[in-house]
Amino acid sequence: MTLTFSFKHQFDNQTFDIKGSVPSKGVTAVFGRSGSGKSTLLNVLCGLLSPDQGEVTFKETCLLDTKQSINVPVWKRKIAVVFQDARLFPHLSILDNLLFGSPNKLQSGRFKELTSLLGIEHLLDSKPNKLSGGERQRVAIARALLSEPELLLMDEPLASLDLPRKREVMHYLSQLPGKIDIPIVYVTHSLEEVMHLADNLLVLESGIVADFGTVEKVWNGDSLALWQESEQHSALLTAKVSERHPNYAMRKMKVAGHALWVPDQAFEDKQDECMRIRIDARDVSVTLSPVVGSSIRNVIPVQVIDMEELNDHSCLLTLALNEELALKSILTQWATAELKLQKGSKVFAQIKGVSFTQQNLATH
C-alpha cells in the first residue's frame, strides 16, 4: 500500500472516523452517499483540510501527524486534484492553461503524450468558454497530470456533465491507468463509474469505512445493499474474451468455467483478454431443466445458496456458479413456490442480458 490514512474530524453534529489505505497502482473508487465523508477524505489527503486528529502517510513519507504537529503544505505533497468544476482560467487559452506555471513543458514528450491521450490537441488555441463540459474536464485532467504528481485525486469529475459528456470523458479516463504509473483515488456516487473505471472500491457510510476490496468483491458483498435496485441486485464478474461464433456475430466469454454468448462488440483485438461484466438480477430467470426451443442462448447450471424475500411479490435468489462466484435472480414469490425452490436446489440460470465495461482489465 502506498497511501495510508487514519483521522477523526467533527463538523457540527457529524463525526468522521476514517481509516484505510490505497494500493500503489490502479484506481481506487471512494463511494458513498452525500455527507458520508468522500470529499472530506480527499481534502485531508491533499491538505485542504486539517483534521482534529490523525495521520496520513504517502510512500513512507509522513504528510500529516497531528500528535507531532506535522502537516505538509498542499503545494509540497506532490498530489494533483481534479474537481467537479474544471476551474480553468477563462482569460487564457487552453495551451496557456496547461502550461500555467510551467512554460517549459510545451516541448516535453509528456505534454504531447497527454494532449494526445486525452484528445485535446485541436483545442489548444481555444478559450475555455468555447469548450463543452467534457472537453473542459479533459483539459483539467491534463493540467493536473502535467504537474507530474505522484498521486491523482479526482472529486466526482463527471458529476456536472450530461450523459453524453460523461460517456465521452469516461472513455478517456478508462485509458489513464495503463498510461500513467501513479495511483488514482476517484470519488464518485455513481456505480456505473465504479464498474467502468475502478480496480478497488472503498465504501463510506456515515463517516466510517463500511467496506474495502476489489470492485468485484465489494460489489457482490453486502455493503451496497441500500443502493438503487437496478444496480444493487446484480453480479459483477470477470470474463475472458474467447472465440467468435463461426456463423453469427456472437462472441464467447468464459466465466468461472462456463461459456456466455454475447453480441460481438468489436472484440476482435481483445482475444484472450479479461473484461468486467455485469449481469442484472432481472435478466436472470430460473428453470428446473434446460429448456428446449428457447431463444435464450445462455443457460448455465447453478445452485441456490440464498433466498431473500424482497417484498410481498418478489424474492431474490443467489445462484452459485462455483465456490466463489454467484449470480442474482429476482423471481416472483409465485414462481419460487411453484418451482419449490429452496437453499441447495440445483437449477439452471437463463441469462438474457450482459453489460460490459469499456476497457479490458489488462490495462489495470
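List the strands (runs of 3 or more DSSP E) inside the range 39-91, counting only whole elements, that have at least 3 residues being within 30 Å of SER132 (Cβ to Cβ).
Fully inside the range 39-91 and qualifying: 79-82.
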Hits in the range 288-328 (condition: within 28 Å of TYR248 (Cα to Cα) and either in a strand (DSSP E or B) or among the basic types (Lys, Arg) (or both)): ARG297, ASN298, VAL299, ILE300, PRO301, VAL302, LEU327
The range 158-182, subset in contact with a His (Cβ under 7 Å, 6 or more places away or on another chain) and more than 21 Å from LYS59 (Cα to Cα), residue surrounded by the fewest Cβ atoms within 10 Å (Cβ to Cβ): SER174
Single residue of the range 65-100 satisfying the filter (of a type outside the set (Val, Ile, Thr) and in contact with a Ser or Thr (Cβ under 8 Å, 6 or more places away or on another chain)) that is nearest to ASP181 (Cα to Cα): ALA80
Of the criteria (1) closer than 28 Å to LYS25 by Cβ; (2) of a type in the set (Lys, Arg); (3) touching a strand residue (DSSP E or B) at 6+ places or on another chain (Cβ under 8 Å), which one ARG244 fails: (1)
Scan of the range 41-76 for residues that are crowded, with 17+ Cβ neighbours inside 10 Å, of a type outside the set (A, V, I, L, M, F, W, C) and over 25 Å from the mean Cα position of the chain (by Cα), ordered by number: PRO51, GLY54, GLU55
Positions within the range 239-258 being touching a Phe, Trp or Tyr at 6+ places or on another chain (Cβ under 8 Å) and of a type outside the set (A, V, I, L, M), in sequence order: ARG244, HIS245, ARG251, LYS252
Tally of residues being more than 30 Å from GLY178 (Cβ to Cβ) and without any contact (Cβ under 8 Å) to a residue 60 or more places away in the chain across the range 5-39: 9
Residue in the range 290-302 that is surrounded by 14 or more Cβ atoms within 10 Å (Cβ to Cβ) and small (Gly, Ala, Ser) present: no
Filtered residue count, the range 92-105, keeping only those that are in a helix (DSSP H, G or I) and either exposed (fewer than 13 other Cβ atoms within 10 Å of the Cβ) or basic (Lys, Arg) (or both): 3
Of all residues making up the range 117-157, the number that are crowded, with 20+ Cβ neighbours inside 10 Å and either more than 18 Å from LEU173 (Cβ to Cβ) or outside the structural domain of VAL81 (by TED's automatic domain parsing) (or both): 1
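Every residue, every condition in (1) at pLDDT 90 or above; (2) more than 25 Å from the chain's Cα centre (by Cα); (3) of a type in the set (Gly, Ala, Ser); (4) closer than 19 Å to HIS245 by Cα, yes or no:
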site	(1), (2), (3), (4)
ASP269	no, no, no, yes
ARG276	no, no, no, no
ILE279	yes, no, no, no
VAL292	no, yes, no, no
ILE305	yes, yes, no, no
SER314	yes, yes, yes, no
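The values are calculated or read from the model by the stated rules, or taken from the named source; none is laboratory data. Computed from a prediction, not measured in an experiment: that's the story for all the values here. In this analysis, Cβ positions are derived from the backbone assuming ideal geometry, glycine residues included, and neighbour counts consider all displayed protein chains.
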